[in-house]
1. Is it fair to say residue 53 is closer than 19 Å to residue 93 by Cβ, of a type in the set (Lys, Arg) and surrounded by 14 or more Cβ atoms within 10 Å (Cβ to Cβ)?
2. Please indicate, with yes or no, whether at least one residue in the range 138-161 is at pLDDT 90 or above and closer than 22 Å to residue 46 by Cα.
3. Just for the range 10-37: of the residues that are at pLDDT 90 or above and among the charged types (D, E, K, R), which one is surrounded by the most Cβ atoms within 10 Å (Cβ to Cβ)?
4. Hey, does the range 97-104 have a residue that's over 21 Å from residue 149 (Cα atoms), modelled with pLDDT under 75, part of a strand (DSSP E or B) and among the aliphatic types (A, V, I, L, M)?
5. Can residue 119 be described as in a loop (DSSP other than H, G, I, E, B), closer than 19 Å to residue 46 by Cβ and modelled with pLDDT under 90?
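The values are calculated or read from the model by the stated rules, or taken from the named source; none is laboratory data. All values derive from a computational prediction rather than experimental measurement. Positions of Cβ are backbone-derived with ideal geometry, glycine not excepted, and every protein chain shown enters the neighbour counts.
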Amino acid sequence: MPNIGLRLRELRLARGLTLEQVAADTGLSVSFLSMLERDKVSVSVDNLERLARYYQVHMVHFFSGEADSPVLVTRRADILRRLTENGEAPASVTLLVNRPNPRMEPLLVHIAPGREEPHFRQHEADTLVYVLSGRARLVSETGEETMLEQGDLAYYVNLPHRRFINASQSEPLTLVIITAPPTSSLDELLKARQGFWAMGEQK
């Protein structure tokens, strides 16, 4: 599978753009874009969405296509590897499906001790949350707060802008979130599958 950096470089060169032009248009630094194209840094969900919208492609462009098997499996070893690769990130998300037009979107969210999702997210759809490990605070932008313990399951529809906070200062938080695409209001047709992002990096 081509890496994200290579595909970003291909998009830029196909449009005859320099790194300086992309930086000026997107607000990202030249050094960050250069390292990203060489896969020297990870990219946040927000920055990847920004670049996808800038190049006018869907996020599926950066990832593998539809799998041949009707049963899609993400193995535990692969999940643990992805979490380990970005273990120092405040939060990370792994998309566990690689169908281009799914009816459900399962996400694995990992949040470091005492940290939280860096941004509120709005999603107008049914959402199911299961706490695999740790203790979570589900906080809405209006101030509503729900505490979830390990093994708890939460279900909500059209909750105002919300984010998860790790309620523990010593233990990581791992959640499985199942919802209908898209996961972000910034990308109307999020179709990237088997993707992994660290959230909260600096530009």
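1. Values: closer than 19 Å to residue 93 by Cβ: yes; of a type in the set (Lys, Arg): yes; surrounded by 14 or more Cβ atoms within 10 Å (Cβ to Cβ): yes.
The answer is yes for residue 53.
2. Checked against the condition, which is being at pLDDT 90 or above and closer than 22 Å to residue 46 by Cα, the range 138-161 yields at least one hit.
3. For the range 10-37, the residue satisfying everything is 37.
4. no
5. Yes, satisfied.
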